[in-house]
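I have placed the structure first, in the form of structure tokens, so that the comments after it can refer back to it.
The values are calculated or read from the model by the stated rules, or taken from the named source; none is laboratory data. Note that the structure is predicted; figures quoted are calculated from it, not measured. We place every Cβ from the backbone using ideal geometry, glycine too, and count neighbours over all the protein chains shown.
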Amino acid sequence: MTEEAGRAPWKARVLTLFPEMFPGPLGHSLAGKALERGDWCLETMDIRSFALDKHRSVDDTPFGGGPGMVMRPDVVDAALAAALVPAADGRPIGPAIYLSPRGRVLTQALVKDLADGPGCVLLCGRYEGLDERVIEARGLMEVSLGDFVLSGGELAALALMDAVVRLIPGVMGAAETLAEESFERGLLEYPHYTRPAVWQDRAVPEVLLSGHHEKINAWRLRQAEEVTRSRRPDLWAAYAKRAEPKRKA
Ligand SMILES: C[S@@+](CC[C@H](N)C(=O)[O-])C[C@H]1O[C@@H](n2cnc3c(N)ncnc32)[C@H](O)[C@@H]1O
């Protein structure tokens, strides 16, 4: 196990009706190797095993009528109680997150906060979602993958874990790779090129072949600014605001 000095590996505990969906894609490539090394831990808990009746039901019809089924608060709460038990050393596992299209949209800033903590509990909804009372009673943090509706929280949980795990020291090869990525400086990333230098009559920008690192860095920053300004006015406005005092100084 390659734990950072004195730090237990980052741990995700996933509550789901489909535990067989994990680790899924996270069992492969860099995340999978890191999982094997014990650089991070993944535990799944089957929500159905907390069902209270002999039919093992986890959902029921919505009060007030309407389509679909709703996940029962008593069953989900029992699953959360089991998942939130602190580790043997008394450390809390981290925030309890309900993956939900109504939540705050997942950002790199939130991903970093989670990666800096001990781990998290990820609750995957199904059907029409959870009974509101268990969200309130447990103070769940609702996190969305974006403005669209998935069939369940499992893919969202996998995406969140993928983003967190690659920030864990040692999981990715070079730390510089992370430092220059989209969102790190509040900018989208500059464009990349590799061999061949000319492909279908399209040449790689001259400066990248110059070997002049200062010029290359300046070109990349300009490109990152341009792509952010044209594609993401929201990010650009925040970046320009932060850069303003520096320009004046
Ligand atoms: C079919 S969806 C429920 C959608 C819900 N009735 C609504 O309209 O907001 C079932 C589950 O998928 C998950 N889910 C769906 N879209 C998501 C998103 N954009 N981000 C995160 N989780 C999502 C949630 O866990 C949700 O409880």
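Suppose the filter is under 20 Å from the mean Cα position of the chain (by Cα) and either farther than 22 Å from V76 by Cα or acidic (D, E) (or both); does L42 pass it? Please lay out each step first, then the result.
Values: under 20 Å from the mean Cα position of the chain (by Cα): yes; either farther than 22 Å from V76 by Cα or acidic (D, E) (or both): no.
For L42, the condition - under 20 Å from the mean Cα position of the chain (by Cα) and either farther than 22 Å from V76 by Cα or acidic (D, E) (or both) - is not met.
Looking at this structure, is L187 of a type in the set (A, V, I, L, M, F, W, C), within 16 Å of the ligand (Cβ to nearest atom), on the phi < 0 side of the Ramachandran plot and crowded, with 16+ Cβ neighbours inside 10 Å?
no
Please tell me if E181 is more than 16 Å from the ligand (Cβ to nearest atom), out of contact with any strand residue (DSSP E or B) (no Cβ under 7 Å at 6 or more places or on another chain) and either modelled with pLDDT of 95 or more or charged (D, E, K, R) (or both).
yes
Can you tell me which residue in the range 66-79 is nearest to the ligand (Cβ to nearest atom), limited to those that are of a type in the set (G, A, S) and either assigned to a loop (DSSP other than H, G, I, E, B) or loosely packed, with under 15 Cβ neighbours inside 10 Å (or both)?
Per the criteria, the residue is G68.
Considering only the range 153-173, state which residues are charged (D, E, K, R) and surrounded by fewer than 23 Cβ atoms within 10 Å (Cβ to Cβ).
The initial filter retains those residues of the range 153-173 that are charged (D, E, K, R), namely 154, 162, 166.
Once the filter is applied, which keeps residues that are charged (D, E, K, R) and surrounded by fewer than 23 Cβ atoms within 10 Å (Cβ to Cβ), the range 153-173 yields D162, R166.
Select from the range 80-110 the residues that are aliphatic (A, V, I, L, M) and either within 13 Å of the chain's Cα centre (by Cα) or part of a strand (DSSP E or B) (or both) and write down the one among them that is nearest to the ligand (Cβ to nearest atom).
First pass over the range 80-110, keeping only residues aliphatic (A, V, I, L, M): 80-85, 87-88, 93, 96-97, 99, 105-106, 109-110.
Now restrict to residues that are either within 13 Å of the chain's Cα centre (by Cα) or part of a strand (DSSP E or B) (or both): 96-97, 99, 105-106, 109-110.
Details: A96: 13, I97: 10, L99: 4, V105: 9, L106: 8, A109: 17, L110: 13 Å.
The residue in question is L99.
Residue check, V121 against (1) under 20 Å from L167 (Cα atoms); (2) touching a Leu at 6+ places or on another chain (Cβ under 9 Å); (3) assigned to a helix (DSSP H, G or I); (4) not hydroxyl-bearing (S, T, Y), all met but one. Which one?
Going through (1) under 20 Å from L167 (Cα atoms); (2) touching a Leu at 6+ places or on another chain (Cβ under 9 Å); (3) assigned to a helix (DSSP H, G or I); (4) not hydroxyl-bearing (S, T, Y) one by one, V121 breaks only (3).
Within the range 35-87, how many residues turn out to be on the phi > 0 side of the Ramachandran plot and touching a helix residue (DSSP H, G or I) at 6+ places or on another chain (Cβ under 6 Å)?
Final tally of qualifying residues: 1.
Select, from D147, D131, the only residue that is closer than 29 Å to R102 by Cα, charged (D, E, K, R) and crowded, with 18+ Cβ neighbours inside 10 Å.
Among D147, D131, only D131 is closer than 29 Å to R102 by Cα, charged (D, E, K, R) and crowded, with 18+ Cβ neighbours inside 10 Å.
Of the residues that make up the range 122-129, is at least one more than 13 Å from the ligand (Cβ to nearest atom), of a type outside the set (F, W, Y) and either within 16 Å of T44 (Cα to Cα) or in contact with a Lys or Arg (Cβ under 9 Å, 6 or more places away or on another chain) (or both)?
No, the range 122-129 has no match at all.
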